[in-house]
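First the structure, in the form of structure tokens, and then the observations on it.
The values are calculated or read from the model by the stated rules, or taken from the named source; none is laboratory data. This structure is a prediction, so every number in the text was calculated from the model and none was measured. Every residue, glycine as well, gets a Cβ built from its backbone with ideal geometry; the counts of neighbours run over all protein chains shown.
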Ligand code: NAD
Ligand code: IPM
Ligand code: MN
């Protein structure tokens, strides 16, 4: 088999900082597990805008389409707030998702035991938590037309459109059911069928896919607002949650706090299988560029490192090595290492981004 290719897009803010730590992990797998990658690096977001005047150069887009997997840090930041909407850093990321057709965004929220007392919720509520939010990523209100800001009489109107086709709902529902079969066989679908037509269609299609092809999986439906409440009240009732683009964005940030910090949450954005059988894929932490802590060595690299673990599992068929990496993270947390976002316990000195990366690499070596 030829060496798998990996395109790294560090992006902005803490993106490049956490990516340095992921590179250490990638190098470790090359040196110790015979798992080498043909790694290339390029610009996205504000960094790409600074060099090319666009948040994603066409050449980078082409490269992303041709590699086995893309790993992205984060995009955005106050420096780019005043830019025209069409060239904002976030547009670069959205273009990648849309043009690679990465419709199924897996956002696991797992509470490591060492952090169970750190969550803003009680230990009982979060200890042992292991759920996945499957967020539809290429449609809905993020991309629906018409959109824009128009003049109407003497005032402006901001317009976005929630829009879902049956096939878009069908394919993301299938990916949620497939995932549930490999887990605890339970899917909860969330929408607002009580107030939105797109929600009515969403519920109907998810139910139809279930009844026709996945009747062995337990399916429930919830209004997304009630779902948000249930996620905070008793998150362990869920296994897989499937929801639309915007609800998935919000519910996954909320789920982050069940695990202790946004700095802990990885994600995989998957599309249809390529000719080699692997899904088109982009892996990225759920968090953003964290301008408030950028450049200070405070960022938690774990979300990005766990995103690479997801790449090992979903793109490179290396489930055992992914588990090895996840266990190394668990070991380091168990040993009491904490970046500043995870502090809460008195008397613990935070470690830096780079110390956390080094400790995870040392735990990998100890696992041999
Ligand atoms: P954010 O996720 O960047 O930060 C929210 C809070 O969480 C901040 O206090 C930050 O310090 C903290 N945080 C986030 N990641 C952390 C980490 N790894 N370690 C420690 N603390 C961490 O969200 P925001 O402040 O709303 O957005 C900032 C910028 O990032 C915006 O431009 C936004 O559009 C962009 N953004 C990008 C992505 C992405 O690239 N996928 C995701 C979300 C937000
Ligand atoms: C995320 C982010 C993105 C989103 C932004 C940066 C485009 O918040 O990945 O969760 O809204 O999807
Ligand atoms: Mn988000």
Please work out if residue 278 is over 26 Å from residue 64 (Cβ atoms) and either free of Cβ contacts under 8 Å to residues at least 24 places away in the same chain or away from ligand 1 (no atom under 14 Å from the Cβ) (or both). no
When only residues in the range 199-227 that are part of a helix (DSSP H, G or I) and touching a helix residue (DSSP H, G or I) at 6+ places or on another chain (Cβ under 6 Å) count, which is nearest to ligand 3 (Cβ to nearest atom)? 224
Residue 54 vs. criteria in contact (Cβ under 8 Å) with a residue 40 or more places away in the chain and either out of contact with any strand residue (DSSP E or B) (no Cβ under 7 Å at 6 or more places or on another chain) or outside any helix (DSSP H, G or I) (or both): no
Would you mention how many residues in the range 338-361 are surrounded by fewer than 19 Cβ atoms within 10 Å (Cβ to Cβ) and under 19 Å from residue 127 (Cα atoms)? 3
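Here is a yes/no grid of residues against (1) in the same structural domain as residue 70 (by TED's automatic domain parsing); (2) within 22 Å of residue 101 (Cβ to Cβ); (3) within 16 Å of ligand 1 (Cβ to nearest atom):
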{"position": "286", "(1), (2), (3)": "yes, yes, yes"}
{"position": "289", "(1), (2), (3)": "yes, no, yes"}
{"position": "297", "(1), (2), (3)": "yes, no, yes"}
{"position": "300", "(1), (2), (3)": "yes, no, yes"}
{"position": "310", "(1), (2), (3)": "yes, yes, yes"}
{"position": "319", "(1), (2), (3)": "yes, no, no"}
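Taking the options 194, 105, name whichever one is touching a residue at least 12 places away in the same chain (Cβ under 8 Å) and surrounded by fewer than 14 Cβ atoms within 10 Å (Cβ to Cβ).
Numbers: 105 fails: surrounded by fewer than 14 Cβ atoms within 10 Å (Cβ to Cβ).
None of the other options fit; the residue is 194.
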Mind checking which residues of the range 250-276 are surrounded by fewer than 19 Cβ atoms within 10 Å (Cβ to Cβ), farther than 20 Å from residue 18 by Cα and in the same structural domain as residue 131 (by TED's automatic domain parsing)? 250, 254
Apart from one, (1) part of a helix (DSSP H, G or I); (2) under 24 Å from residue 108 (Cβ atoms) all hold for residue 189; the odd one out is (1)
Conditions: (1) in a helix (DSSP H, G or I); (2) more than 19 Å from the chain's Cα centre (by Cα). Residue 23 meets all but one. Number of the miss? (2)
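Please verify whether residue 84 is surrounded by fewer than 19 Cβ atoms within 10 Å (Cβ to Cβ) and more than 16 Å from ligand 3 (Cβ to nearest atom), treating the condition exactly as stated. Talk me through it step by step, then tell me what you get.
Numbers: surrounded by fewer than 19 Cβ atoms within 10 Å (Cβ to Cβ): yes; more than 16 Å from ligand 3 (Cβ to nearest atom): yes.
Considered against the rule, which asks whether it is surrounded by fewer than 19 Cβ atoms within 10 Å (Cβ to Cβ) and more than 16 Å from ligand 3 (Cβ to nearest atom), residue 84 comes out as yes.
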Candidate set from the range 279-327 (those that are in contact with a helix residue (DSSP H, G or I) (Cβ under 8 Å, 6 or more places away or on another chain) and on the phi > 0 side of the Ramachandran plot); member that is surrounded by the fewest Cβ atoms within 10 Å (Cβ to Cβ): 295
Flagged in the range 281-311 as away from ligand 2 (no atom under 16 Å from the Cβ) and free of Cβ contacts under 8 Å to residues at least 24 places away in the same chain, in numbering order, are 296
For residue 95, all conditions in the list (1) within 14 Å of ligand 2 (Cβ to nearest atom); (2) exposed (fewer than 15 other Cβ atoms within 10 Å of the Cβ) hold save one; what is the number of the exception? (2)
